[in-house]
Amino acid sequence: MPSKSLDNLLTQLEAHRHSFGPGEAARILKIMSSLGAARFPDAPSLIRFHECLLFLRAFPQSPSVLRKTEKLLNNFHDRVEALRKSGGDLSDFDPLEVSGIAGTQLEDTLSFDVASWLIRRMPGKVEIAWDHYDPGRELGTTGPRFMPLLEEDSYVEADTPWRRWLETAGGKKNSDSAWLIQRFANLPLPPIQKAELYESLRVPLRWPLGNSRITRTRNWKPVRSVFYHNGPLIKRSEVSLAEELAKDPPKLTRLSRRQGEAVIDTVREVMLVRYRELYGTTLGDPTSVVRADVGRGVSIYLWNLPPERRLPLRAYTAGLTLKNGVPINYIEAIGLCEWIEIGFNTFYTFRGGEAAWIYAQVLRCLCHLMGARCISIYPYQLGHDNDEAIESGAFWFYSKLGFRSGRPDLQRLVEREEQKIAANRDYKTPARILKQLAAEHVFYELTGSKVGAWDKFSTRNIGLRVNRHMALHFHGESARLRQESATALARILAVNPSSWTKLDQASFQNLALALALIPDLPAWTDAEKHALLQIIRAKSKPDEMQYLRLTQRHHRLREALLKLGS
């Protein structure tokens, strides 16, 4: 097929994938059939076809469109292989915006937890990318733990053959990556320390995707009932966040551990092929997973962290949204009292698909699960050090939903820009102004929440206060600070944490670091101290949401934390 004809067909499919109504399914089927018989001469055209197919798998117009889309996606790796055999340039498959297509390979430096998981999921297929890895002192000092006499070479020689050492030690039956990771797994150390040691090596791993389910191409889940679109998609202008959040909360169904493990596996697959790792997608607790089916084929999954990997002060929720079984975005929410910071990222392929309505449903679920009344958005989401968000005008996505800037001067700038837009439909906010607007969090307060209460708060401020206190009064010695803070708090609360579990003791010590900075803590009432103790004990319990909700009820603690973090 001539390249011009191929380009025309792809342009038609790109246009019609967002069209819904009488006759649209037939038009799309005709275009897909023509493209299915076409030869693709380069990676960019294949990528365009792939992204259209994936969007249609999530937003199908009819059962026939769904079946045709699945057939083409299931065999898509053959097209990539044909391009490879013809000598085509495959580098266009590498950028994270399009990575993870069947038939390609990936290379990344992974965390210890994800690398260990990947080795188990793809045995024999993961290797060290030696052409991009030249270890030095870090492997020379760590390696002697499991490679006898390595120090004879690494300590004094300038040309240590690292690959030869690893392959010799591992033997022919083991891949170099699997053997190395297993050595760290076997170390008699806590999981966090194993991860620290392994990740200090910065080992790049490479693996082929083939036609596996761990690809963007085929990573969809079966659903009982598909939602077919026979009418226009819901536009952002049609979404009222106030109305959505005022509705009855969605039903959250807790999954079994086995079902939860499948969800955590799915989100790891989803993030892996997009070169992304979040703390909560890597370390999610499978026993905490809940699901909400909110309509229009959308299912939202949320979960928390296991007790041993939680943050010291805030409570953490991560999540994933499936549309007709297709992963379309990931979620992160970190909260304290009634305030949560939210990260929400819709994958590039699906950014034309009801993002505002789906976002509103995610907020409904999060507010219900976490008890939040004040929602905050990270500056990165708005465009701070994020060129892609600036190009997409992400700030206006949130502003038009009702979010306001946490800085009065920036809010006045927002209002001036809104006036310019109202006066001139062709006006677009310049990138330099969008970067200004993205410099601060934006907020949305639900009914009953005090506007502006959390505008200046940051847990980073609490952390810096603690470190300043350590420098001034403990000569920079963190062990002394932790011990004396815990001792003082135990005396104030009249408890003996030494008889508690290690997890409870760790929670006590972590929270004591911040609580030690509250000057009037000894003067709190017995009831307030008892409630504080319950909060501390709840931090390491199976359900971290219990801890979060208890912080929402302790008004004196809330005021103290706000003051420390502002």
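Send over the Kirkwood Rh of segment 120-233, from the inverse of the averaged 1/r over different Cα pairs, rounded to one decimal Å.
Its Kirkwood hydrodynamic radius stands at 17.0 Å.
Just to make sure I understand: if all protein chains stay in place, what is the order of T253, T447, T141 by accessible area at 1.4 Å, largest first?
Largest to smallest exposure gives the sequence T447, T141, T253.
For a label point 7 Å from the Cα of A129 along Cα→C-beta, name the residues of segment 249-273 whose backbone N is under 20 Å from it.
Those under the cut-off are 268-273.
Hey, if you put +1 on the Cβ of every Lys and Arg and -1 on every Asp and Glu Cβ in segment 491-543, which of P497, A527, L513 ends up farthest toward the positive end of that dipole?
So the residue furthest toward the plus end is P497.
How high is the relative contact order of segment 1-83, given as a whole-number percent (alpha carbon pairs under 8 Å, six or more residues apart)?
Reported relative contact order: 34 percent.
Starting from the residue with the highest accessible area, list R57, R558, R553 in decreasing order, probe 1.4 Å.
Largest to smallest exposure gives the sequence R553, R558, R57.
Given a 1.4 angstrom probe, I'd like the percentage of the accessible area of segment 494-566 that is carbon and sulfur, rounded to a whole number.
Carbon-and-sulfur percentage of accessible area, whole number: 56.
Nothing charged except the Cβ atoms of Lys and Arg (+1) and of Asp and Glu (-1): what's the magnitude of the dipole of segment 440-566 about its Cα centre? Round to the nearest 20 debye.
It works out to roughly 120 debye.
Hey, could you pull the Cα Rg and Dmax for the chain, both in Å?
Expressed in Å, the Cα Rg and Dmax of the chain come to 26.4, 82.
In whole angstrom, and with the biggest value first, how far do the Cα coordinates of segment 368-441 range along each principal axis?
If we take the Cα atoms of segment 368-441, the spans are 42, 24, 21 Å.
Classify segment 18-61 as rounded, prolate or oblate, taking a ≥ b ≥ c as the square roots of the eigenvalues of its Cα gyration tensor: rounded when a/c is under 1.5, otherwise prolate if a/b is larger than b/c and oblate if not.
oblate
How large, in percent, is the carbon and sulfur part of the accessible surface of segment 79-196 at a probe radius of 1.4 Å?
With neighbouring chains kept in place, the figure for segment 79-196 is 49 percent.
Which three extents, in angstrom, do the Cα atoms of segment 173-321 have along their principal axes, listed largest first?
55, 42, 30
If you put +1 on each Lys and Arg Cβ and -1 on each Asp and Glu Cβ, how big is the dipole of the chain around its Cα centre, in Debye rounded to 20?
For the chain, the charge dipole is close to 1640 debye.
Give, as a single signed number, the net charge of other residues whose beta carbon lies under 13 Å from the beta carbon of G87, with Lys and Arg counted +1 and Asp and Glu -1.
So the environment of G87 carries a net charge of -1.
Over the Cα atoms of segment 428-539, how large are the radius of gyration and the largest Cα-Cα distance (Dmax), in Å?
Cα only, segment 428-539: 18.8, 62 Å (Rg, Dmax).
Just need the relative contact order of segment 195-299 here, percent rounded to a whole number, with Cα pairs under 8 Å and 6+ apart.
Result for segment 195-299 is 31 percent.
Taking R0 as 41 Å, what's the FRET efficiency between L252 and A523 from their Cβ-Cβ distance, rounded to 0.05?
The computed FRET efficiency comes out at 0.55.
Take E388 and R27, extend 7 Å from each Cα along the Cα→Cβ direction, and tell me the distance between the two endpoints in nm.
Result for the modelled spin labels: 3.0 nm.
May I ask for the net charge around N186, where only other residues with Cβ less than 14 Å from the Cβ of N186 are counted and Lys, Arg are +1 while Asp, Glu are -1?
Net of charged neighbours comes to +3.
Over all distinct alpha-carbon pairs, what is the Kirkwood Rh of segment 243-343 in angstrom?
That comes to 14.1 Å for segment 243-343.
What does the accessible area of H50 come to, in Å² to the nearest 10, when a probe of 1.4 Å is used?
That residue has around 0 Å² of solvent-accessible surface.
Using a 1.4 angstrom probe on heavy atoms only, work out the carbon and sulfur share of the accessible area of segment 248-405 in %.
Roughly 47 percent of what the probe reaches on segment 248-405 is carbon or sulfur.
Can you give the Rg to Rh ratio of segment 70-160, both from alpha-carbon atoms, with Rh computed by the Kirkwood formula?
On the Cα set of segment 70-160, Rg over Rh gives 1.12.
Give the accessible surface of the chain per residue, rounded to a whole number of Å², with probe radius 1.4 Å and ligands, DNA and RNA excluded.
For the chain, the solvent-accessible area averages 47 Å² per residue.
Would you work out the charge dipole size for segment 134-207 about its Cα centre, treating the Cβ of every Lys and Arg as +1 and the Cβ of every Asp and Glu as -1, and quote it to the nearest 20 debye?
Around 420 debye, computed over segment 134-207.
Over its Cα atoms, what ratio of radius of gyration to 2.2 N^0.38 Å does segment 201-254 give?
Scaled against compact globular proteins, the figure is 1.97.
Using +1 at the C-beta of Lys and Arg and -1 at the C-beta of Asp and Glu, which of F344, V294, L305 has the Cα lying farthest in the positive direction of the dipole of segment 289-351?
V294
The values are calculated or read from the model by the stated rules, or taken from the named source; none is laboratory data. Keep in mind that what you see is a predicted model, and the values were worked out from it rather than measured. Quick reminder, even Gly has a Cβ in these numbers, built from the backbone with ideal geometry, and neighbours come from all protein chains shown. Accessible surface areas use protein heavy atoms only, side chains included; no ligands, DNA or RNA. Shrake-Rupley method; radii C 1.70, N 1.55, O 1.52, S 1.80 Å.
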